[in-house]
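J.: A single structure is presented below for examination.
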Amino acid sequence: MVIKRVGPLSFAKVTGTLYANLGVLIGGVISIVSLLGGFASGKPEGAVFGAFLGVGAIIVVPILYAAAGFVMTLIGAALYNLIAGFVGGVEIDVQ
């Protein structure tokens, strides 16, 4: 079986969704670290700043990861289709 073409938009949607899920995990880690750092500062302003940074990370990081994954996969799939036209695609053995 030879993959001669991939649908760039469908591939980018799937990858964007995967990257958004990864962004939620990474945003959660950033959130926890920022909250701990804010409370460790010993100042009330530090805790508030850590809380805002933590909430922002949970919202912003998944959006940025999803957008970057979508755009890069869209470009990569289009380039694959272009190159596969010259060299014939990727061969895969399936049982």
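J.: On a full-extension model of 0.36 nm per residue, what is the gain between Leu25 and Lys43, subtracting their alpha-carbon distance, rounded to one decimal in nm?
T.: On the way: separation 18, 0.36 × 18 = 6.48 nm, distance 2.77 nm.
Taking 0.36 nm per residue and subtracting the Cα distance, the gain is 3.7 nm.
J.: Still on this structure: Multiplying the sequence separation of Ala51 and Leu82 by 0.36 nm and subtracting their Cα-Cα distance, what value in nm do you get?
T.: 6.5 nm
J.: Going by alpha carbons, how many degrees (0 to 90, nearest 10) lie between the helix axis of 8-40 and the longest principal axis of the chain?
T.: Orientation of helix 8-40: about 20 degrees from the principal axis.
J.: So how tilted is helix 44-87 from the main axis of the chain? Cα-based, degrees 0 to 90, rounded to 10.
T.: 10
J.: Here's something else I'd like to know. If Lys and Arg each add +1 and Asp and Glu each add -1, what is the summed charge of the other residues whose beta carbon sits under 14 Å from the beta carbon of Gly89?
T.: 0
J.: 5 Å is the cut-off here: which amide hydrogens, built 1.01 Å from N in the peptide plane, fall below it relative to Val90, excluding neighbours closer than 5 in sequence?
T.: Result for Val90 returns Ile3.
J.: Next question. Set the Förster radius R0 to 25 Å, insert the Cβ-Cβ distance between Ile92 and Ile63 as r into 1/(1 + (r/R0)^6), and round the FRET efficiency to 0.05.
T.: 0.15
Every number in this text was worked out from the coordinates using simple rules, so none of it is lab data. Please read all numbers here as calculations on a predicted model, not as lab measurements. So basically every Cβ, Gly included, is an ideal-geometry build from the backbone, and we count neighbours across all protein chains shown.
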